[in-house]
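Chemist: Mind looking over this structure? Questions follow.
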Amino acid sequence: MIEDIKKDAAQRMAKSIESLVHELGKIRTGRAHPALLDQVQVKYYGNNTPIKQVASIGVEDGRTLVVTPWDRNLVATVEKAILNSGLGLNPSTAGNVIRIPMPPLTEERRRDLTRIVRHEAEQGRIAIRAIRRDSNSSIKEMVKEKIISEDDERRGEESIQKLTDHSIKEVDRILQEKEQELMSL
């Protein structure tokens with residue numbers, strides 16, 4: 001019973017960390033990264049379609065993304081979608097290839113992004129603590145119903161706490177990496 005709760009807590013904490021990594025991937029650093037365009041939607045046959053589904057996205061060099069639409073007629077539409085995405089990017093088209101140079105970040109913008117990154121990390125920690133609270137309340141409920149002993153309860157809560165500590169250390173490590181990435185030129 002306690003093993004099931006621990007396994008569930010571990011999976012949920014791993015998903016929280018995965019979600020944090022995904023959210024931090026959207027935050028632009030000075031480097032080109034294909035995940036930067038994940039939220040861009042292109043008008044394709046009357047529907048909003050993710051850019052990944054209508055074009056290939058690659059990295060030409062450390063500071064340039066290359067977008068190649070699969071349909072030549074979409075080049076102007078994709079370029080317009082990137083311009084209107086609110087990411088502050090200025091694509092340039094050469095034939096059916098769209099190049100997107102990454103503008104360097106100002107010091108002020110780096111600080112703003114660092115603040116956003118720290119906020120996202122704190123949201124991740126809060127989610128992990130909520131999972132711990134849910135798991136501990138499930139264990140307490142089992143004691144109340146006399147399914148497990150109080151010793152089992154204490155051991156279960158200790159192992160849940162170890163999982164929580166490990167997950168929060170992972171969040172802190174991810175945060176530190178992202179901050180270093182933001183502050184490096």
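Chemist: Got a sec? Which of Gly46, Gly88, Gly62 is modelled with pLDDT under 85, farther than 28 Å from Leu20 by Cβ and not acidic (Asp, Glu)?
Modeler: The match here is Gly46.
Chemist: Only residues that are in contact (Cβ under 8 Å) with a residue 12 or more places away in the chain and of a type in the set (Ser, Thr, Tyr): list them for region 125-138, please.
Modeler: Ser135, Ser138 - these are the residues of region 125-138 that are in contact (Cβ under 8 Å) with a residue 12 or more places away in the chain and of a type in the set (Ser, Thr, Tyr).
Chemist: Out of all the residues in region 92-112, is one or more surrounded by fewer than 14 Cβ atoms within 10 Å (Cβ to Cβ) and in contact (Cβ under 8 Å) with a residue 60 or more places away in the chain?
Modeler: yes
Chemist: May I pose another question? Which of (1) on the phi < 0 side of the Ramachandran plot; (2) at pLDDT below 85 is the odd one out, the single condition Leu20 does not satisfy?
Modeler: Failed condition: (2).
Chemist: For the subset of region 167-178 comprising residues that are under 14 Å from the mean Cα position of the chain (by Cα) and under 13 Å from Thr114 (Cα atoms), which member is surrounded by the most Cβ atoms within 10 Å (Cβ to Cβ)?
Modeler: Lys178
Chemist: Can you go through Ala14, Ala35 and tell me which one is under 30 Å from Glu150 (Cα atoms) and part of a helix (DSSP H, G or I)?
Modeler: Going through Ala14, Ala35 in turn, just one is under 30 Å from Glu150 (Cα atoms) and part of a helix (DSSP H, G or I): Ala14.
Chemist: If you take the residues of region 23-32 that are in a helix (DSSP H, G or I) and surrounded by fewer than 19 Cβ atoms within 10 Å (Cβ to Cβ), which of them is modelled with the highest pLDDT?
Modeler: Glu23
Chemist: Would you call Glu122 surrounded by fewer than 11 Cβ atoms within 10 Å (Cβ to Cβ), of a type outside the set (Lys, Arg) and free of Cβ contacts under 8 Å to residues at least 12 places away in the same chain?
Modeler: Criteria not met by Glu122.
Chemist: I'd like to know if region 26-41 contains one or more residues that are among the basic types (Lys, Arg), farther than 30 Å from Glu158 by Cα and more than 22 Å from the chain's Cα centre (by Cα).
Modeler: Within region 26-41, none of the residues are among the basic types (Lys, Arg), farther than 30 Å from Glu158 by Cα and more than 22 Å from the chain's Cα centre (by Cα).
Chemist: Select, from Lys146, Lys140, Lys178, the only residue that is modelled with pLDDT under 90, touching a helix residue (DSSP H, G or I) at 6+ places or on another chain (Cβ under 8 Å) and not β-branched (Val, Ile, Thr).
Modeler: Lys178 is the lone residue from the list that is modelled with pLDDT under 90, touching a helix residue (DSSP H, G or I) at 6+ places or on another chain (Cβ under 8 Å) and not β-branched (Val, Ile, Thr).
Chemist: I need the full set of residues from region 141-166 which are of a type in the set (D, E, K, R), exposed (fewer than 15 other Cβ atoms within 10 Å of the Cβ) and closer than 17 Å to Glu3 by Cβ, in order please.
Modeler: Of everything in region 141-166, those that are of a type in the set (D, E, K, R), exposed (fewer than 15 other Cβ atoms within 10 Å of the Cβ) and closer than 17 Å to Glu3 by Cβ turn out to be Glu141, Asp151, Arg154, Arg155, Glu158, Lys162.
The values are calculated or read from the model by the stated rules, or taken from the named source; none is laboratory data. Keep in mind that what you see is a predicted model, and the values were worked out from it rather than measured. Note: ideal-geometry Cβ built from the backbone for every residue, glycine included; neighbour counts use all protein chains shown.
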